[in-house]
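What follows is a short report on a single structure.
Read-outs throughout are calculated quantities, based only on the coordinates presented, and are distinct from any laboratory measurement. This structure is a prediction, so every number in the text was calculated from the model and none was measured. Heads up, the Cβs are rebuilt from the backbone with ideal geometry, glycines too, and the neighbour counts pull from every protein chain shown.
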Amino acid sequence: MTDFTGLRAIVTGGGSGIGLATATHLAALGAQVACLDLDPAGVPVPLLGLTADVSDEDSVTRAVNQAAEAFGGLDIVVNNAGIGAQGTVEDGTYDEWRKVFEVNVLGIVRTSRAALPHLRESSAAAIVNTCSIAATAGLPQRALYSASKGAVQSLTLAMAADHVADGVRVNCVNPGTADTPWVRRLLDSAEDPAAELAALNARQPMGRLVTADEVAAAIAYLAGPHAASTTGTVLAVDGGMQGLRLRPR
Ligand code: NAD
């Protein structure tokens, strides 16, 4: 098993779903982990829960520095905080479009700006961004969300090029539909949540949703020593949705 003893990590959006699963996974492998979230109330010990809003520069910079101070440095940043949006290019106000970009894209910029000075001091520095198959799949009714995740994928590759000489690896994971509180909230808003879940499962190549733990394990791989020669890559954890060229309906 990979040993993360001595490694120090922050996970944005670490209060729920994929972020909390990732923080838990990294801690189980021996890392010290801080979860930066709008609401860190549910973050269990030994994880360090810190209140942070990635759409606010002061807030996220303060939390990144707080984690670095508590741990004596930083090695791993998981830029995972994200919000969704449904609809076509004709839907949503410009404020709604800006809000999604503020969190999903500029949130990564703010967190990375705050963290890079610490990462440059590390001999095992890695950034992993949580992107989505929406980045390249051409999903219907997801124009804003897809555009934001397309930007996350491009940003990942550009950051990998910019910081390879600093010894900072940068990669992203592209989950398919993952069973997290986010997706459960969407299902619960349906008239018949059980029927909606069954239909969603039936649309997946493997007949089931991706689990948060599966995405967490992929993030941990990219963040850890076994991926020491890996930067600028996109790892799909999507039950085959992209590779098999199937389209969700
Ligand atoms: P989730 O809603 O369960 O968790 C997201 C967490 O992010 C929450 O704890 C929330 O408080 C936090 N957050 C939101 N805005 C924030 C902000 N401005 N600052 C700090 N924290 C903030 O969602 P999830 O399903 O675990 O999604 C996590 C990431 O995975 C997102 O980037 C999402 O786009 C991506 N993703 C999810 C799926 C899926 O099907 N669940 C698929 C592909 C990609």
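Computed extension length for residue 202-residue 189: 2.8 nm, one decimal, from 0.36 nm per residue of separation with the Cα-Cα distance subtracted.
Take every pair of alpha-carbon atoms less than 8 Å apart whose residues are at least six positions apart; their mean separation over the length of the chain yields a relative contact order of 19 percent.
Legend: calculated FRET efficiency, residue 98 to residue 45, from the Cβ-Cβ distance at R0 = 41 Å, rounded to 0.05, equals 0.65. Legend: calculated FRET efficiency, residue 136 to residue 5, from the Cβ-Cβ distance at R0 = 35 Å, rounded to 0.05, equals 0.45. So what's the angle, to the nearest 10 degrees on a 0 to 90 scale, between helix 193-202 and the longest Cα principal axis of the chain? Helix 193-202 sits roughly 80 degrees off the main axis of the chain. Between the helical axis of 57-71 and the longest alpha-carbon principal axis of the chain there is an angle of about 50 degrees. Remark: the chain projects, on average over all directions, an area of 13.0 nm² (convex hull of Cα atoms).
The angle between the Cα long axis of helix 17-28 and the main principal axis of the chain comes to about 40°, on a 0 to 90 degree scale.
Label sites at residue 90 and residue 158, each approximated as a point 7 angstrom past Cα along Cα to Cβ, lie 3.1 nm apart. Unpaired cysteine residues in the chain (no second Cys Cβ under 4.7 Å): 35.
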